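Have a look at the structure below before the remarks.
The values are calculated or read from the model by the stated rules, or taken from the named source; none is laboratory data. Source: prediction; values computed, not measured. Don't worry about glycine lacking a Cβ; one is built from the backbone with ideal geometry, like all the others, and counts go over all protein chains shown.
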Amino acid sequence: MTATEIKHIAADVIRLESQSLAACFSTVDDAFVKAVETIAAGKGRVIVTGIGKSGIIGKKIAATLASTGTPSMFLHATEALHGDLGMVTPGDIVLALSYSGQSDELNGILPMLRRRNNVIIGMSSHRQSKLAQMSTIHITLPHVQEACPLHLAPTSSTTAMLGVGDALAVCLMRIKRFAEKDYALFHPGGMLGKMLTCSVADIMQSGDHNPIVPLNVTVKDALLVMTKTRAGAAIIVNDDSTLAGFFTDGDLRRCLQKDDGLLQRNIAEVMTRQPATLPVSMKAVDAAKIFCQKKIDNAPVIDDAGKVAGIVDEGDLLPFVVTGATE
């Protein structure tokens, strides 16, 4: 197979799957709205269940719901037939996934769920399927052409199912007014957790690593402090520890080009008197945005009393200089 043929096949798969997503606009109907409203008003969990590839998609939907404010878990339909049905409690809403709607294992647990008065939200492509008939609410997926050349392996159909599941989750987020602070509670680890919870106070250099110098020192004295603390700047402070000015490596290079006697001059003569500063409570990701917007390499950190608390260097912010993040 040539490179051109491989590219053609891959492009065709992506085209077919994107078409399946576009066809999902028809899925957003009154039944979809009712499903969203029912889940939003529910007091229990959403139990997502399915088998095969639909079950794998179900795991992802359950994980997305759980991480965005809708308590949820995945239940394997076959395991449910052998005891795991006990995981479903009164008040739980069941989201049952099967593209054909005719899965024996999945449909085998539906009568028990109905008997226990659990709301069943079915998702399949056939309005007359057994799943549709047994559901309290049925979300109808579009009929799509599988990208598999045998038209057998779930490809386009699972893409459509995943898209509708994401749409459910996002609608519920909006209804519940799920905010960044809520998201952070469920994502304490990984890049997402750091972006949402880490503050300037958590990453700044302070104490012996804080390059603080008084107003009455020379540029040479300030450089010695910068070298000792390995900082790219010196923070000049007043007697009460409030910020007087800032002097960076860049300032040093620019001033040296104009003044051979720079090292003996008083730091107050060459410092920047109103530099960009960071509040100690600011989120690190917001500090990273300021660094990018102002094109700066470092900045003093100011505490709630208006005094210098530390310094942040661009290297401290590298994990946060992103437009988005994944775990």
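Checking each residue in the range 95-114 for being in contact (Cβ under 8 Å) with a residue 60 or more places away in the chain and in contact with a Gly (Cβ under 7 Å, 6 or more places away or on another chain) picks out only Leu97. Tell me whether the range 142-160 contains one or more residues that are outside any loop (DSSP other than H, G, I, E, B), in the same structural domain as Ser54 (by TED's automatic domain parsing), of a type in the set (A, V, I, L, M) and over 29 Å from the mean Cα position of the chain (by Cα). Within the range 142-160 (the criterion being outside any loop (DSSP other than H, G, I, E, B), in the same structural domain as Ser54 (by TED's automatic domain parsing), of a type in the set (A, V, I, L, M) and over 29 Å from the mean Cα position of the chain (by Cα)), the answer is no, since none of the residues qualifies. Among the residues of the range 63-76, not a single one is under 17 Å from Thr140 (Cβ atoms), of a type outside the set (Asp, Glu) and at pLDDT 95 or above. Quick one: is Lys43 in a helix (DSSP H, G or I), out of contact with any Leu (no Cβ under 8 Å at 6 or more places or on another chain) and in the same structural domain as Leu172 (by TED's automatic domain parsing)? Spelling it out, it is not the case that Lys43 is in a helix (DSSP H, G or I), out of contact with any Leu (no Cβ under 8 Å at 6 or more places or on another chain) and in the same structural domain as Leu172 (by TED's automatic domain parsing).
Of the residues making up the range 105-125, those that are within 28 Å of Val28 (Cβ to Cβ), surrounded by 18 or more Cβ atoms within 10 Å (Cβ to Cβ) and not small (Gly, Ala, Ser) are Leu106, Asn107, Ile109, Leu110, Leu113, Asn118, Val119, Ile120, Ile121, Met123.
For the subset of the range 301-323 comprising residues that are part of a loop (DSSP other than H, G, I, E, B) and in contact with a helix residue (DSSP H, G or I) (Cβ under 9 Å, 6 or more places away or on another chain), which member is modelled with the highest pLDDT? Here the answer is Asp303. All of Gly122, Gly91, Gly101 fail the test of being closer than 14 Å to Ile47 by Cα, part of a loop (DSSP other than H, G, I, E, B), under 34 Å from the mean Cα position of the chain (by Cα) and assigned by TED's automatic domain parsing to the domain that holds Val48, apart from Gly91.
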